[in-house]
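The values are calculated or read from the model by the stated rules, or taken from the named source; none is laboratory data. No experiment lies behind these values; they were computed from the predicted model shown. With ideal geometry, Cβ positions are generated from the backbone for all residues, glycine too; neighbour counts draw on all protein chains shown. Just so you know, the surface numbers come from the protein's heavy atoms only, side chains and all, with ligands and any DNA or RNA stripped out. Shrake-Rupley method; radii C 1.70, N 1.55, O 1.52, S 1.80 Å.
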Amino acid sequence: MYYPVFLDLKDRPVLVVGAGKVALRKTRGLLEAGARVTVVAPEALPDFDDLPVRLLRRAFRAADLAGVVLVFAATNDRQVNHRIGIAAKGRGVFANIADSAGECAFIVPARVNRGEVQVAISTGGKSPRVASELRRKLDAILR
């Protein structure tokens, strides 16, 4: 069971490991929230070059977790994501592991933003499709 919460990430350091489509989506959301994002990945989609992030083109190191409040493991390598989760837990850093809801210390809900109204929808990681469909329906209602 998860506890729903909205976090103030303005000017807080957040680490994203990976620089593919999933990492890009998470990074954009973090930037919208005002987070100071560091992205670590040996290769990155070109879109990352246009974002105000610190981009380190190399493999993840456990030391990358120093001082961050959250980490998102969004690589295409299951073992790397798993290692990130273990390292984060050992340091008391909340981790979101993109390919394993069971390893997450937190999950990111589907969201609808309309001005001052922000709605989050979650199925606890069990059915992202249902959450996405509800998000689309709420988005249409709140337009």
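Can you give me the % of accessible surface on the chain that is carbon or sulfur? Probe 1.4 Å, all protein chains present, nothing else counted. Can you show the working numbers first?
Working: 4850 of 8960 Å².
Solvent-exposed carbon and sulfur of the chain make up 54 percent of the total.
Convert each backbone phi in region 12-21 into a coupling constant with the Karplus relation 6.51 cos²θ - 1.76 cosθ + 1.60 (shift: θ = phi - 60°), then list the ³J(HN,Hα) values in order as whole Hz, x for Gly and Pro.
Each residue's phi maps through the Karplus curve to give 9, x, 10, 9, 10, 9, x, 8, x, 4 Hz.
Around LEU70, which amide H atoms from residues at least 5 apart in sequence, or from another chain, sit under 5 Å from its own amide H, with H modelled in the peptide plane?
Answer set, sorted by chain and number: LEU15.
Taking all pairs of different Cα atoms in region 52-143, averaging 1/r and flipping that mean, what Kirkwood radius in angstroms comes out? Show your work: numbers first, answer last.
Working: mean 1/r = 0.0670 Å⁻¹.
Hydrodynamic radius (Kirkwood, Cα pairs) of region 52-143 is 14.9 Å.
If each residue of separation counts as 0.36 nm, what is the full-extension length gain between ASP139 and ARG28 once their alpha-carbon separation is subtracted? List each step's numbers first, then the result.
Working: separation 111, 0.36 × 111 = 39.96 nm, distance 1.90 nm.
Extra length available between ASP139 and ARG28 comes to 38.1 nm.
Quick check: from the Cα gyration tensor, does region 1-108 come out rounded (a/c under 1.5), prolate or oblate? Before the final figure, lay out each step's value.
On the way: a/c = 1.45, a/b = 1.13, b/c = 1.29.
Rounded, because the longest to shortest axis ratio a/c is under 1.5.
Which one of TYR2, GLN118, ALA105 is farthest out on the positive end of the charge dipole of the chain, using unit charges on Cβ (Lys, Arg +1; Asp, Glu -1) and the Cα centre as origin?
TYR2
Please list, by residue number, everything in region 74-98 whose backbone N is under 17 Å from a paramagnetic label point 7 Å out along Cα→Cβ of ALA62.
Residues passing the 17 Å test: 79-95.
Could you do me a favour and compute the accessible area per residue for the chain, 1.4 Å probe, result in Å²?
Details: 8960 Å² over 143 residues.
For the chain, the per-residue accessible area is 63 Å².
Hey, what number do you get for the chain at 222 nm if only DSSP H runs of n ≥ 4 count, each worth -39500 (n - 2.57), divided across all residues, to the nearest 500?
Details: 3 runs with 41 residues, N = 143.
After summing the helix terms and dividing by residue count, I get -9000 deg cm²/dmol.
If R₀ is 25 angstrom, what is the calculated FRET efficiency for the pair SER132 and PHE6, using the beta carbon separation as r and rounding to 0.05?
0.80
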